[in-house]
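Worksheet: the structure to be examined is printed underneath.
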2 protein chains.
Amino acid sequence: MDTAEVITQFAKMLENLDRWLETATAFAEKKKFPPDVFAQARLAPDQYELIRQVQSACDAAKYAAAYLSGQKAPSHPDTEKTVRELRTRIQTCLTYLKTFKAADFNGAEERRVAPPWMEGNSVRGDQYMGRLAVPNFFFHVTTAYAILRHNGVELGKRDFVGIKNWSDLS
Amino acid sequence: MDTAEVITQFAKMLENLDRWLETATAFAEKKKFPPDVFAQARLAPDQYELIRQVQSACDAAKYAAAYLSGQKAPSHPDTEKTVRELRTRIQTCLTYLKTFKAADFNGAEERRVAPPWMEGNSVRGDQYMGRLAVPNFFFHVTTAYAILRHNGVELGKRDFVGIKNWSDLS
């Protein structure tokens, strides 16, 4: 499970997330309520709403790809207000992730990573990825999924992992 | 982010999960309700309750360690009914995970993995890990966390990742 493979999996999960938002939009249309009710939905009053969960998932993937390849991450301002805009944000992130080739991550595991919030300190790339980027990324996509499930959207575990049968794993 | 590192991170997340359950128990005692209300809590009527989320997180970690090292996974029957028993289940899983040394996972990425549900088929170890075990594991720990947050337990993102500052990453 090298770095390029993890970034590919992040992209796959973002594509799944986009499909959940599509399903949520269709559910809202069927039930005749505005789909952007979902945009503001949250599981606890002091937890991020769907908008910030999606933005945070995108950023976790974007920064992991940038840091582990030694690039500067592009700015994707957090301006989204609607489910439609969130889907565009996901596409913007996916377009960025797809600019990378596996070779861009050569040596990524040993690369020193120094995000601004570390205030001049750094950690090894594999530690950044395994201990922070992966848990963070899956936290936000799973919480986005949970917000939709909690609000009645018909999704199941296969929609989460995006795998219908074993052959989708290869 | 080699296989041994992923298994170490799974163990760390299970230790975090145990702390969330400890926090939830203290919250229940303070509010004077039975902590096992949490055991049956869920976010949607057709989604797993906390008990099965915790069992599934443990199993995702257990099977990943067993399959990627070529071992047979021990049986951990799903008999838990209480939060206390869930915490014991987590310890049982952690004890198993800690029997592994990094060398047990030499060649794990290329190892063929053939869970029974693949009905005689197999996938490469790194594909099993990155496309199935990691998403599944984080799905269940995050959903367990979300169930507790939704029910008022005072937890935050730092409790989720188990990192207080950058130096915890090294």
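The values are calculated or read from the model by the stated rules, or taken from the named source; none is laboratory data. A quick note: this is a predicted structure, and the numbers were derived from the prediction, not measured. Heads up, the Cβs are rebuilt from the backbone with ideal geometry, glycines too, and the neighbour counts pull from every protein chain shown. The area values use the complete protein model at the heavy-atom level, side chains included, leaving out ligands, DNA and RNA. Shrake-Rupley method; radii C 1.70, N 1.55, O 1.52, S 1.80 Å.
List of remarks:
- With N counted as the residues of the range A:129-170, its alpha-carbon radius of gyration over 2.2 N^0.38 Å works out to 1.38.
- Averaged over A:161-170, number of beta-carbon atoms from partner chains that fall within 10 Å: 5
- Cα-only radius of gyration and Dmax that characterise the range B:70-151, units Å: 15.3, 43
- Within the range B:10-71, the proportion of C-alpha pairs whose separation exceeds 19 Å stands at 44%.
- Chains B and A, summed buried accessible surface - 1.4 Å probe, Å², nearest 100: 4000
- Charged side chains reduced to their Cβ positions (Lys and Arg at +1, Asp and Glu at -1) give the range A:89-170 a dipole of some 120 debye around its Cα centre.
- Rule-of-thumb Rg ratio for chain B [Cα; 2.2 N^0.38 Å; N residues]: 1.07
- Averaging the sequence gap over all C-alpha pairs within less than 8 Å and six or more residues apart, then dividing by the number of residues, gives the range B:47-170 a relative contact order of 31 percent.
- Across the identical copies, how the A:D78 labels are spaced - nm, sorted shortest first, 7 Å along Cα→Cβ: 3.7
- Hydrodynamic analysis of the protein assembly as shown uses the Kirkwood radius over alpha carbon pairs. Inserted into Stokes-Einstein at 20 °C and 1.002 mPa s, it gives a translational diffusion coefficient of 104 µm²/s.
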